[in-house]
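Enquirer: Please see the structure below; I have some questions.
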Amino acid sequence: MRNPIGISLLVLAWIAVLSGCGEEASPCGQGKDGVPVIIPDSSQLETFWVGALGVDELQIVGSGASHDTLVQANFNDFTDYRVRLAPSLVFSEACLVYTGQPEVTGTIAPLGVEQVVFRGLAGGDLTLAPDAFGHIDTELLAGRGFLAPEVAIEVTSGAGETDFPALSEIIPAPEAPQLEGLDGQPGEGLASGLSLGIDVNRAAPLRVTWRAEGADYVEVKIMPGAGSATPYAKLRCVTFDDGCLEIPGAALGHLALDSATNFRFRLERHNFVLHSVQEGGAVKAAALIDVSSSVEGVVLR
């Protein structure tokens with residue numbers, strides 16, 4: 001399932017997880033799986049005016065196979081909006097398991113733009129424009145959406161009091177992730193519903209290996225599937241794109257408490273840019289730009 005970056009909850013979740021500091025370490029394992037510093041200067045986010053722009057490629061392998069790319073943009077004033085992040089249990093520097101759902105209060109006010117143009121995508125330039133209510137619809141492209149080595153994004157805006165500032169940025173397109181190994185099994189087994197040993201008594205870590213490409217960060221997610229009583233209880237790891245991650249056995253043991261009969265495993269590669277707009281010595285607005293490529297398959301306990 002895809003969530004628009006739309007972005008009421010994810011903006012603050014990204015900031016909380018990705019602004020942490022970590023030191024690159026390889027090979028992977030206990031004390032060696034770090035978290036990249038995605039936002040070196042958090043003061044560049046000290047604003048309630050936040051834009052979020054993304055190109056999100058997802059290839060699902062095995063049963064229900066599909067391949068598409070979601071393109072989206074969103075600009076909002078979060079002054080009257082608050083998020084309490086979902087409760088979680090931390091199992092390593094890189095990995096945690098969400099044990100509840102986020103809580104939100106207040107409302108979001110859309111900010112105006114005239115249009116957003118994405119260049120470097122399959123099919124040529126893509127323009128997103130708001131409707132009469134300021135909402136910008138997402139665009140779904142078939143297959144891999146990245147055509148050029150880079151994605152260029154240009155936001156055109158007016159000069160009104162509630163217009164988001166115009167901007168332009170270039171961000172490298174992510175390589176599609178190539179899963180090489182999963183708990184000692186070949187990566188191509190993701191398409192055939194392999195078992196990951198998700199058991200309450202598991203002690204050994206689960207090693208995930210992939211072809212490293214040096215993107216800004218990689219996420220590994222394991223999410224309850226059929227028969228789940230707590231579908232929000234996903235395992236999430238954020239680490240370097242160095243080709244290796246070990247997920248603590250205890251994290252899998254906690255996930256196994258769910259009644260799900262299967263799980264969705266996803267490997268995501270991300271590149272990220274923070275565009276900050278200054279005015280009068282303060283941050284007027286900030287745009288979070290994220291492009292990603294992911295592979296997902298259903299795995300068994």
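The values are calculated or read from the model by the stated rules, or taken from the named source; none is laboratory data. Note that this is a predicted model, so its numbers are computed, not measured. Here Cβ is always computed from backbone atoms with ideal geometry, including for glycine, and neighbour counts include all displayed protein chains.
Enquirer: When the range 163-184 is examined, which residues are found to be loosely packed, with under 14 Cβ neighbours inside 10 Å and modelled with pLDDT under 95?
Expert: Gly184
Enquirer: Condition first: within 18 Å of Gly100 (Cα to Cα) and in a loop (DSSP other than H, G, I, E, B). Now tell me which residues in the range 203-242 satisfy that.
Expert: Gly225, Gly227, Ser228, Ala229, Thr230, Pro231, Tyr232, Ala233, Lys234, listed by residue number.
Enquirer: Moving to a separate point now. So if I check each of Arg211, Arg207, Arg266, which one is out of contact with any His (no Cβ under 7 Å at 6 or more places or on another chain) and crowded, with 19+ Cβ neighbours inside 10 Å?
Expert: Of Arg211, Arg207, Arg266, the one residue that is out of contact with any His (no Cβ under 7 Å at 6 or more places or on another chain) and crowded, with 19+ Cβ neighbours inside 10 Å is Arg266.
Enquirer: Quick check on my filter: what residues within the range 110-143 are within 23 Å of Ala285 (Cβ to Cβ) and of a type in the set (Gly, Ala, Ser)?
Expert: Result: Gly112, Ala129, Ala132, Gly134.
Enquirer: Among the residues of the range 127-138 satisfying the criterion of being outside any loop (DSSP other than H, G, I, E, B) and out of contact with any Leu (no Cβ under 6 Å at 6 or more places or on another chain), which is surrounded by the fewest Cβ atoms within 10 Å (Cβ to Cβ)? First the steps, then the outcome.
Expert: Filtering the range 127-138 down to residues outside any loop (DSSP other than H, G, I, E, B) leaves 127-128, 130, 136.
Checking the rest, the ones that are also out of contact with any Leu (no Cβ under 6 Å at 6 or more places or on another chain) come to 127-128, 130.
Working: Thr127: 12, Leu128: 19, Pro130: 19.
Among residues in the range 127-138 that are outside any loop (DSSP other than H, G, I, E, B) and out of contact with any Leu (no Cβ under 6 Å at 6 or more places or on another chain), the one surrounded by the fewest Cβ atoms within 10 Å (Cβ to Cβ) is Thr127.
Enquirer: Can you tell me which residue within the range 221-233, out of those that are surrounded by fewer than 21 Cβ atoms within 10 Å (Cβ to Cβ) and either touching a Lys or Arg at 6+ places or on another chain (Cβ under 9 Å) or β-branched (Val, Ile, Thr) (or both), is farthest from Ser92 (Cα to Cα)?
Expert: The selected residue is Gly225.
Enquirer: Looking for whichever is among the acidic types (Asp, Glu) and closer than 26 Å to Ala215 by Cα here; the options are Glu139, Glu114, Glu161. Which one fits?
Expert: The match here is Glu139.
Enquirer: Another question, then. Among Ser276, Ser195, which is among the small types (Gly, Ala, Ser), surrounded by fewer than 17 Cβ atoms within 10 Å (Cβ to Cβ) and touching a residue at least 60 places away in the same chain (Cβ under 8 Å)?
Expert: Going through Ser276, Ser195 in turn, the sole match is Ser195.
Enquirer: Is it fair to say Thr69 is part of a strand (DSSP E or B), among the hydroxyl-bearing types (Ser, Thr, Tyr) and surrounded by fewer than 22 Cβ atoms within 10 Å (Cβ to Cβ)?
Expert: The answer is no for Thr69.
Enquirer: Another question about this same structure. Against the conditions (1) more than 16 Å from the chain's Cα centre (by Cα); (2) of a type outside the set (A, V, I, L, M); (3) assigned to a strand (DSSP E or B), where does Thr79 fall short? Just the number, please.
Expert: Unmet for Thr79, out of (1) more than 16 Å from the chain's Cα centre (by Cα); (2) of a type outside the set (A, V, I, L, M); (3) assigned to a strand (DSSP E or B): (3).
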